[in-house]
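Asks: For reference, the structure I am asking about is given below.
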Amino acid sequence: MLIDVHTHTPQYKDPVPADEMVIQDLWRPDRPVAATFSWDDYFQAQQPAQKSIVFGIAWHPGQMTDNISGQGAGDTSWYSGNVNDATATFVRAHPDRLLGFMSVHPYDADCMDEIERGRVDLGLRGIKLGANYQNFDPMETRALAIYEQAQKHGLPIMFHQGTSPVRNAPIRLAYPLLMDEIAMRYPDLKIIMAHMGHPWQVETCVVIRKHPNVYADISATFYRPFSFWEQLVKANEWNVMGKLLFGTDYPVSTVAETVDKLRNVNAIVEGTHLPRVPEDRIEAMLARDSLGLLGLA
Ligand SMILES: [Zn+2]
């Protein structure tokens, strides 16, 4: 079963009106990305995945969000309030295909109540945090309270890791070595480090190698072909290929193109003596029971 562990909640249920389309040119070097998208757009791009984890990001206390790039979703967007309600509505309409994570903000006075509401009332199964986007110190007390609660209730946390083109998102708050300290404090907490921590993929490899409950996803990394090949060669050398989870970061990339680029990762070294990423380990990643590993099966 192909599982995509990293996708974003559509801002629109119906087709995006032409005047509310937001095209991002900087997100990928090889093609523009439509940052506003509908339920239909989502499922089209998700083929052939059978299950996908989907979430928004609580940019501000109160779980308020504009959209994934923070630039405002437009007037006819089908949600404008709490991002967790939007995710839950989407997931409830497609329970066979989707599994939802909530997002919370540690500066929200009701943060702990929102985790309970997300878990119990909305049926959300994990938490998405992006300390850089949300602008909090991942080691501060209010953030630790979230990890504590997540560990207690078996809610995996996906952390955005590494760089981002969003100008107001401090990169240092998403530095992968911080995850090592969180994992030492909360050894039973399941953590997914997004994007292999790009461009600090080796830092990510050494963290996931140490901690049995810490994984990394490979989402949104293939369109830098040299780094993509290199990060997988290094993951193999560090013997952590088994800790890598398939993901797309949709809308940034689609399932089909990510699968294709994974299967062709060695094309860049064809005709050279440079090391290859073992094909059987790529196939194992595509077949991986990520939900089982995260305790969500
Ligand atoms: Zn993402």
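Asks: Name the residue, out of D249, D280, that is of a type outside the set (F, W, Y) and on the phi > 0 side of the Ramachandran plot.
Replies: D249
Asks: Name the pairs: first residue in segment 195-208 and among the aromatic types (F, W, Y), second residue within 16 Å of the ligand (Cβ to nearest atom), Cβ to Cβ under 7 Å, at least 6 apart or on different chains?
Replies: Cβ pairs passing all conditions: W200/G162; W200/P176.
Asks: Can you list the helices (runs of 4 or more DSSP H) lying wholly within segment 178-297 that have 1 or more residues being farther than 25 Å from S52 by Cα?
Replies: It comes to 201-210, 225-237.
Asks: Right, another one. Quick check: anything in segment 163-173 within 16 Å of the ligand (Cβ to nearest atom), surrounded by 20 or more Cβ atoms within 10 Å (Cβ to Cβ) and modelled with pLDDT under 95?
Replies: no
Asks: Give the number of residues within segment 1-44 that are touching a helix residue (DSSP H, G or I) at 6+ places or on another chain (Cβ under 9 Å), within 16 Å of the ligand (Cβ to nearest atom) and outside any loop (DSSP other than H, G, I, E, B).
Replies: 8
Asks: Right, next: Return a yes/no flag: does segment 204-225 have any residue that is surrounded by fewer than 16 Cβ atoms within 10 Å (Cβ to Cβ), within 16 Å of the ligand (Cβ to nearest atom) and either within 29 Å of G154 (Cβ to Cβ) or under 18 Å from the mean Cα position of the chain (by Cα) (or both).
Replies: no
Asks: When you scan segment 211-223, do you find a residue that is of a type in the set (D, E) and within 29 Å of Y42 (Cβ to Cβ), even just one?
Replies: Among the residues of segment 211-223, at least one is of a type in the set (D, E) and within 29 Å of Y42 (Cβ to Cβ), which makes the answer yes.
Asks: While we're on this one: Looking at this structure, is A235 among the small types (G, A, S), touching a residue at least 24 places away in the same chain (Cβ under 8 Å) and closer than 19 Å to D4 by Cα?
Replies: Taking the combined requirement at face value, the residue does not satisfy it.
The values are calculated or read from the model by the stated rules, or taken from the named source; none is laboratory data. Owing to the predicted nature of the structure, the values given are computational and were not obtained by experimental measurement. Counting neighbours? That spans all protein chains shown, and the Cβs are built from the backbone with ideal geometry, glycine included.
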